[in-house]
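Here the structure comes first, spelled out in structure tokens, and everything after it is commentary.
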Amino acid sequence: MKRALVSDIHGNLDALICVLADIQDQGIETIFCLGDVIGYGPDPQACIDAVMNFDLCILGNHDQAALFDPEGFSSTAERAIFWTRQQLECTDTNNADQKRRWQFLAELPRTKQVGDYLFVHGSARSPLNEYVFPEDIYNRRKLEKIFSLIPQYCFQGHTHIPGIFTEDFRFLSPAEVNFKYQLTDEKSMVNVGSIGQPRDGDCRSCYVILDDADNSIEFRRIKYDVSLTSQKIYDISDLDKFLGDRLHDGK
Ligand SMILES: [Fe+2]
């Protein structure tokens, strides 16, 4: 079976719509989201509504921050979360829809294991909050510990930087593997990238197709109208202008 693995949508509906169209074009019906549906972006409600139809969604640190309180967030991220929370608050007119969204967020799991695959937002060691960056290949103790906690393959997001971490301490970017990779008998961690706020210098959305028949993966980069989303951000005073600017840079 082929699954689409998306992550870090961050309230970017315009990007999500283009990615969902591509997923449909590929004939894929199963979609897993690895967290951070909201935070930063201008369309949190519509993004939650879309993700409710997916087959799985994992809790991300921004989803949790909207539910409870942001911890260790920058002032930009914190203001965005408070604005996002306002959008999700219940009023008399929208009570049923808002309750459904809030309930959905509150029930998201922190991890999910399916056979040899583990799905998390951050890392197997700290599913919500730990970043595994490409430069962590030089921090062998960290990677060894995290690898010891995964069954065979772990799929994650959180850094918004797609690529593959191998058990022999290499990081392979999507371009380095020509966007396709055959998982081996060794353990691997795969960062699936970000739909709504890519940070690897490419402003296009990134997601992964996983084929469990042969353990192959494909990274897909999808264009969307960045100017449309950044303008929506500029029009909301509680969202820092920087959040719109960075979409153009992919950083
Ligand atoms: Fe994120």
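Odds and ends about this structure:
- Given Lys2/Lys180; Lys142/Lys187; Lys187/Lys223; Lys112/Lys187; Lys145/Lys187, the pairs whose alpha carbons are separated by over 20 Å: Lys187/Lys223
- Cysteines, the chain, no other Cys beta-carbon under 4.7 Å: Cys18, Cys47, Cys90, Cys154, Cys203, Cys206
- In whole angstrom, the chain maps to an equivalent ellipsoid with semi-axes of 28, 19, 18, each derived as √(5λ) from the alpha carbon gyration tensor and ordered largest first.
- The value of relative contact order for region 88-165, using C-alpha pairs under 8 Å at least six residues apart, is 28 percent.
- Debye-formula intensities of region 161-251, expressed as log10 I(q)/I(0) at q = 0.14, 0.16, 0.22 Å⁻¹, are -0.56, -0.67, -1.00 (one equal scatterer per alpha-carbon, no solvent).
- Computed extension gain for Asp225 through Gln86, at 0.36 nm per residue and net of the alpha carbon distance, reaches 47.5 nm.
- Centre separation in Å (Cα based) which lies between region 1-37 and region 68-85: 24
- The phi torsions of region 61-76, fed into the Karplus equation with coefficients 6.51, -1.76 and 1.60 and a -60° offset, translate into couplings of 5, 6, 4, 5, 5, 5, 6, 10, 9, x, 10, x, 8, 5, 5, 4 Hz, rounded to whole numbers, with Gly and Pro shown as x.
- Given charges at Cβ of Lys, Arg, Asp, Glu: region 66-122 dipole, positive-most of Gln103, Gln113, Phe68: Gln113
- Taking Tyr153, Tyr234, Tyr40 and counting other C-beta atoms within 10 Å, the order from fewest to most: Tyr234, Tyr153, Tyr40
- Relative contact order for the chain: 22 percent, from Cα pairs under 8 Å spaced at least 6 residues apart, divided by residue count.
- Taking other Cβ atoms within 10 Å as a rough exposure proxy, Leu5, Leu228, Leu67 sort from fewest to most as Leu228, Leu67, Leu5.
- Percent RCO, i.e. relative contact order, over region 121-251, from Cα pairs under 8 Å lying at least 6 residues apart: 19
- Lys, Arg +1 and Asp, Glu -1 on Cβ, resulting dipole of the chain about Cα centre, debye, nearest 20: 300
- Residues Cys90, Cys203 arranged by fewest to most Cβ contacts within 10 Å: Cys90, Cys203
- Here's how it looks for Tyr224: its modeled amide H is under 5 Å from those of Ser205, which are all 5 or more places away or on a different chain.
- Positive minus negative residues near Lys232 (Lys, Arg vs Asp, Glu; Cβ under 13 Å): -4
We did not get these values from a lab; they are worked out from the coordinates using the rules stated. These numbers were taken from a predicted model, which means no experiment stands behind them. Because the Cβ atoms are built from the backbone with ideal geometry, glycine has one as well, and the counts that use them run over all protein chains shown.
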